[in-house]
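Below: one structure, written as structure tokens.
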């Protein structure tokens, strides 16, 4: 091949390049090439020069020069194409250097690959940790069949490229028997109508991380320069892809670090809030604050109303104005599996944290409804519940000490052998003005559970600013400035239906003597209510009618005379002869003089009953079964029973007739 200078010298010697032509003066092969003339322009110039040639050597020389010019034109075209490709690769490298998102890098690579090679479709496969290849991005595809396809190593043309680490192409992919395509991959290739495919590896540091592929929808043989061009694209793509992956991991690590820092800052804020709440609650507890102060402090931190409920679902402390509690209040079984329970509520979510003491369930700290009940709120409620437990426990200790003090004072006040002066001094020390007492109540649950009666007495004492204490198996309530009738009304209002005990209420004029007298009247009233079978009733002495006579010495004397006149002969027979005549009369009359039922209750044979009835008739006379005599007998039996109960407050209020019968049988 001639160099441009030697070519020009030769043309100068022949005079051809300076000869004037129709195309203009001085037009030469070199000037045409410089002006980027087409092959057709070169051939037209050849034809013109041949027309002017006069000899055969001149024409032969012109033909040779024309051939050299076309060869030079072809090589210049190749160089220009290579320059354009290099420029495109450099531009791609700069473009990829600015991309840090993996998907953007992949899409840019396939778009440039399709453009530079002039193919129908370009796509890229990325190798994953398990060795599989997945088509991550495609350009020019007719549908979505290609994207997302997964190949195992060695499968398809891409799998072969990964296995060998070398470029590979197929003139007709679907007919190429060298390739194991698999059903899914072959279906995708048919859907895209792919024929000629070229694949080159994406390699970084000797590691193949993917495959770049260019494909035609017709059969095609790929030239060496096309393979080199796609390989150059793949080299840039591999570096950019690895950089994007590294940047992605770095960005993910940075995001994780930022998230961790944010979480740590949030955790620090939460810890500060929790510490501030603990400090505030400690101040309240040490200052002797109550449940209301603790609940208010918790509410300020959790930004929601907070109330404390006791084990019966009652609000402890001062209730908040306008606060509406849910109909379904927390119960002990709610907290079987967790300290804090969260449930849907009208205003968002209900949250309740258990307050547990050594004795068991003591209540709960409740947020009736809040839209922002989160894990932090739960933690703050649990912190608050500990302080609530401390306050309740402290209040219970104080209450127990007060109860002991009050109990000791009540015992001394009601004991007849303690002088009034000593009682007054002890009462003043305990903060009780005996002269202001206007009512004494006695709650006697009998053989039942004492706790409901104690709770009712405590509520009455709290509401009426009085004292309550246990004395002689009963609960005594001392009320200042409130008369017995008003106290009775509050008992009915607070005690519910039925009442937890027989309750006697008596007016008191103030002073030690008056208190003792009122207590005795109230005690006898409660005892009499129990004896009458009215163990869930409340009464004042005036409400007992004829039975009031049992409270006075004169009345008891008259009743004793009446009982002796009515039953004395039978009682004498029982004492002297060990018989059960009084018991038989009592049961016989209560059973409406029915023989069979009387025998059943007395557990005696019919003949025994008939013998006793005959003996009773001998003692009382034949008219003892007349209505008037029956009324007298029943009244005498009832009064005798009640008199015995009132005479011994600690005695079991059962029939003294039965006691006499048992004593007789034992004798």
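Only one of (1) under 20 Å from residue 325 (Cα atoms); (2) in contact with a helix residue (DSSP H, G or I) (Cβ under 8 Å, 6 or more places away or on another chain); (3) in a helix (DSSP H, G or I) fails for residue 304. Which number is that?
That leaves (3) as the condition not met.
Which condition from (1) over 18 Å from residue 642 (Cα atoms); (2) modelled with pLDDT of 95 or more is the one that residue 503 breaks?
(1)
Quickly run through the range 168-191 and pick out the residues that are under 27 Å from residue 232 (Cβ atoms) and surrounded by fewer than 20 Cβ atoms within 10 Å (Cβ to Cβ).
171, 172, 176, 178
Quick one: residue 288 ticks every box in (1) more than 30 Å from residue 346 (Cα to Cα); (2) surrounded by 17 or more Cβ atoms within 10 Å (Cβ to Cβ) except a single one, so which number is it?
Looking at each condition in turn, residue 288 falls short on (2).
Looking at the range 314-334, is at least one residue under 30 Å from residue 266 (Cα atoms), within 19 Å of the chain's Cα centre (by Cα) and assigned by TED's automatic domain parsing to the domain that holds residue 294?
No; the residues of the range 314-334 include none that is under 30 Å from residue 266 (Cα atoms), within 19 Å of the chain's Cα centre (by Cα) and assigned by TED's automatic domain parsing to the domain that holds residue 294.
Is it the case, given these coordinates, that residue 194 is touching a helix residue (DSSP H, G or I) at 6+ places or on another chain (Cβ under 8 Å) and within 23 Å of residue 111 (Cβ to Cβ)?
Spelling it out, residue 194 is indeed touching a helix residue (DSSP H, G or I) at 6+ places or on another chain (Cβ under 8 Å) and within 23 Å of residue 111 (Cβ to Cβ).
Can you tell me which residue is surrounded by the fewest Cβ atoms within 10 Å (Cβ to Cβ) among those in the range 316-328 that are free of Cβ contacts under 8 Å to residues at least 24 places away in the same chain and within 16 Å of residue 350 (Cα to Cα)?
Of everything passing the filter in the range 316-328, 327 is surrounded by the fewest Cβ atoms within 10 Å (Cβ to Cβ).
Given the residues 43, 51, which is the only one that is farther than 19 Å from residue 72 by Cβ, part of a helix (DSSP H, G or I) and modelled with pLDDT of 80 or more?
Answer to the check: 51.
Considering only the range 581-614, state which residues are touching a residue at least 24 places away in the same chain (Cβ under 8 Å) and farther than 14 Å from residue 637 by Cα.
593, 609, 612, 613
The conditions are (1) modelled with pLDDT under 85; (2) within 23 Å of residue 130 (Cβ to Cβ), and residue 213 fails exactly one of them. Which is it?
(1) is the only condition that residue 213 fails.
Can you tell me which residue in the range 333-360 is surrounded by the most Cβ atoms within 10 Å (Cβ to Cβ), limited to those that are closer than 18 Å to residue 391 by Cβ and modelled with pLDDT under 90?
Applying the filter and picking the extreme gives 356.
Among the candidates 432, 494, single out the residue that is within 21 Å of residue 405 (Cα to Cα) and either at pLDDT below 95 or over 48 Å from the mean Cα position of the chain (by Cα) (or both).
432
If you scan the range 558-595, which residues turn out to be surrounded by fewer than 17 Cβ atoms within 10 Å (Cβ to Cβ) and over 19 Å from residue 630 (Cα atoms)?
Matches in the range 558-595: 558, 572, 575, 576, 577, 578.
Could you count how many residues in the range 391-424 are under 30 Å from residue 339 (Cα atoms) and surrounded by fewer than 16 Cβ atoms within 10 Å (Cβ to Cβ)?
Residues flagged as under 30 Å from residue 339 (Cα atoms) and surrounded by fewer than 16 Cβ atoms within 10 Å (Cβ to Cβ) within the range 391-424 amount to 8.
Consider residue 181 carefully, then state whether it is modelled with pLDDT of 80 or more and in the same structural domain as residue 112 (by TED's automatic domain parsing).
Against the criterion (modelled with pLDDT of 80 or more and in the same structural domain as residue 112 (by TED's automatic domain parsing)), residue 181 does not qualify.
The values are calculated or read from the model by the stated rules, or taken from the named source; none is laboratory data. Note that the structure is predicted; figures quoted are calculated from it, not measured. Every residue, glycine as well, gets a Cβ built from its backbone with ideal geometry; the counts of neighbours run over all protein chains shown.
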